[in-house]
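Below is one structure; the comments refer to it alone.
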Amino acid sequence: MERFCKRNKRDPIDDGNINVPTNLNESDNSPNFALLLPQELILKIFSELDIQSLTNAAMTCGKWNDLIEDDDFLWRDHCLTTLAVCERELQRDQANGFSWKTILVKNYKKSNLKQAWLNGHYSNIRSADELLDKSMCEMNADAWGEILEAELQR
C-alpha cells in the first residue's frame, strides 16, 4: 500500500523511505525564496549561515550568487572571527581597502593554522616529516613570533 508524505501529498513514502526526486533541474517548478521574499529578509537568512553553507548557497543559482557576492556585509562577521588570531593581517588588509570577503579568503586558512599552533596541536612535532600531512600555508614573521612565544610559555 502506498502512503504519502504529510508535507507533500505528491511524494510517496515506500517502506518508510521518502522518494526524493533525483533530477532537480531548471524545469522544476519549486519556488525560489530568493525571488519571492524581500531582499533584506533574504540577506538576513543568508547572514545566519556559516562560511561553508554561505559558499554552497552562492553556488546554488545565479540569483543567490549575485545576492551573496554583492553584499560584502555577509562576510564581515565571519571575517571578524579570524580577528582574534590574525589581527594585524586583518587590519592591514582593511587599511588597503580589501572587501570583507577578500580579507576572509586571504586569512581564513592562516587563522585556523595559527590557532592550531597556538593551541599546541603541533607542540610535539619531532621532525619536519610529521608536518607533511598537515595543511600548511604561508605566514609572516609576526605570526611565527606569536607562535614561538606561545611555545616558549608551554
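In what order, largest first, do Lys106, Lys114 sit by accessible area if the probe radius is 1.4 Å? Could the numbers behind the result be given before it?
Numbers: Lys106 95, Lys114 0 Å².
Descending accessible area places them as Lys106, Lys114.
Lysine pairs in the stretch 50-124 with alpha-carbon atoms under 21 Å apart, 8 or more places apart or on different chains: how many are there? Walk me through the numbers before you get to the answer.
Details: Lys63/Lys101; Lys101/Lys109; Lys101/Lys110; Lys101/Lys114; Lys106/Lys114.
Step by step, the pairs that qualify in the stretch 50-124 add up to 5.
With a Förster radius of 22 Å applied to the beta-carbon distance between Gln153 and Arg88, the computed FRET efficiency rounds to 0.65. Using the Cβ-Cβ distance between Ile51 and Glu138 with R0 = 30 Å, the FRET efficiency computed as 1/(1 + (r/R0)^6) comes to roughly 0.90.
Give me the percent of the accessible area of the stretch 35-152 that comes from carbon and sulfur atoms, probe 1.4 Å, all protein chains in place. Write down the numbers at each step before the final one.
On the way: 3910 of 7500 Å².
Roughly 52 percent of what the probe reaches on the stretch 35-152 is carbon or sulfur.
For the stretch 136-147, backbone phi angles converted through the Karplus equation (6.51, -1.76, 1.60; θ = phi - 60°) give residue-by-residue couplings of 10, 8, 5, 10, 7, 4, 4, 5, 5, x, 5, 5 Hz, Gly and Pro being listed as x.
The values are calculated or read from the model by the stated rules, or taken from the named source; none is laboratory data. The shown structure was predicted, so the numbers you read here are calculated from the model rather than taken from an experiment. Using ideal geometry, Cβ is built from the backbone for each residue, glycine included, and neighbour counts are taken over all protein chains shown. Each accessible area value is taken on the protein alone, full model and side chains, heavy atoms only, with ligands, DNA and RNA left out. Shrake-Rupley method; radii C 1.70, N 1.55, O 1.52, S 1.80 Å.
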